[in-house]
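Input: a single structure, listed below in structure tokens.
The values are calculated or read from the model by the stated rules, or taken from the named source; none is laboratory data. As the structure is a computational prediction, the values presented were derived from the model and not from experiment. Here the Cβ is made from the backbone with ideal geometry for all residues, glycine too, and neighbour counts use every protein chain on show.
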Amino acid sequence: MHWRYDILCVPVATSTRQGPRGRVRRYLQHMASSALSHVIGFDDAPFPRNHRGNVRVLGAVFAGLRLEGVVSGVVRRDGLNSTRTLARLVADSKFGLQLQLILLQGIALAGFNVVDLHGLCQLTGLPVMVVTRRAPRPKKVRDALSRLPGGDRKWALIERLGPMEPVADVYVQRIGLSVADAGRVIRRLAVHSRIPEPLRTAHLIAGGIVAGESRGRP
């Protein structure tokens, strides 16, 4: 049987291996019933404007609306290692085999450490969705990247995704996920704000750990 969705990060496979292709097969099976109940949401911790080192990243793992656990790592401010770091946190986690979806609050962590959504999807075998309250201003983002090393490559990653789509009162970019399922996921998980609980929780925990208390609206 063949399932068809808007975007797939890797070819559909029938292998039962417990690797990326096996994950995609399991994901497609779950999509048939619109499950997507095991989700990890990543957000970065606050940092001073003049900070130039590593920045803490938190991932909140949810089963439905229940917090199951937390994973933690670091990425470089304005660096290039966000995709590999997130993929490692997913793969090395005890929750990894149950996860069905990765959520990000913005396409970049730690300033402009841009996540390669296609690459993250391929490395993990999981669909990836960025969720934001407002659509970013492309010109402003491109101007900021032009002043950073590797800015052209980072802009190419962003441009490849196309404009963000309005879905369920937020804006999204998605890989391996249909727009209909993106809307269902957001409506099911956004119970206390427009932002899904895995992302809201990751934001609150990251702020509390680094700053002593959570600040700002997720």
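Among residues of region 170-187 that are polar (S, T, N, Q), those with a Cβ under 8 angstrom from a residue that is part of a loop (DSSP other than H, G, I, E, B), sequence gap 6+ or separate chain, pair up as Q173/I107; Q173/G162; Q173/M164; S178/Y5; S178/D6.
Within region 184-204, being of a type in the set (A, V, I, L, M) and surrounded by fewer than 20 Cβ atoms within 10 Å (Cβ to Cβ) holds for A190, V191, L204.
The number of residues in region 126-143 being closer than 18 Å to G41 by Cβ and surrounded by 18 or more Cβ atoms within 10 Å (Cβ to Cβ) comes to 7. Being surrounded by 16 or more Cβ atoms within 10 Å (Cβ to Cβ), at pLDDT below 95, under 20 Å from A206 (Cβ atoms) and out of contact with any His (no Cβ under 9 Å at 6 or more places or on another chain) is not true of F42.
Considering region 60-81 alone, what residues qualify as being part of a strand (DSSP E or B) and touching a Gly at 6+ places or on another chain (Cβ under 6 Å)?
Hits for region 60-81 are A60, V61, V71.
Could you list, in sequence order, all residues of region 175-212 that are touching a Pro at 6+ places or on another chain (Cβ under 7 Å) and among the basic types (K, R)? R200 - this is the single residue of region 175-212 that is touching a Pro at 6+ places or on another chain (Cβ under 7 Å) and among the basic types (K, R).
Taking the criterion of being more than 13 Å from the chain's Cα centre (by Cα) and hydrophobic (A, V, I, L, M, F, W, C), the residues of region 162-184 that qualify are M164, V167, A168, V170, V179, A180. The residue that is surrounded by the fewest Cβ atoms within 10 Å (Cβ to Cβ), counting only those in region 165-183 that are of a type in the set (A, V, I, L, M) and in contact with an Asp or Glu (Cβ under 7 Å, 6 or more places away or on another chain), is V179. Candidates in region 91-115 are the residues that are touching a residue at least 60 places away in the same chain (Cβ under 8 Å) and in a strand (DSSP E or B); of these, the one that is surrounded by the most Cβ atoms within 10 Å (Cβ to Cβ) is L109.
When the residues of region 149-164 are filtered to those that are out of contact with any Asp or Glu (no Cβ under 6 Å at 6 or more places or on another chain) and hydrophobic (A, V, I, L, M, F, W, C), the one that is nearest to V185 (Cα to Cα) is M164.
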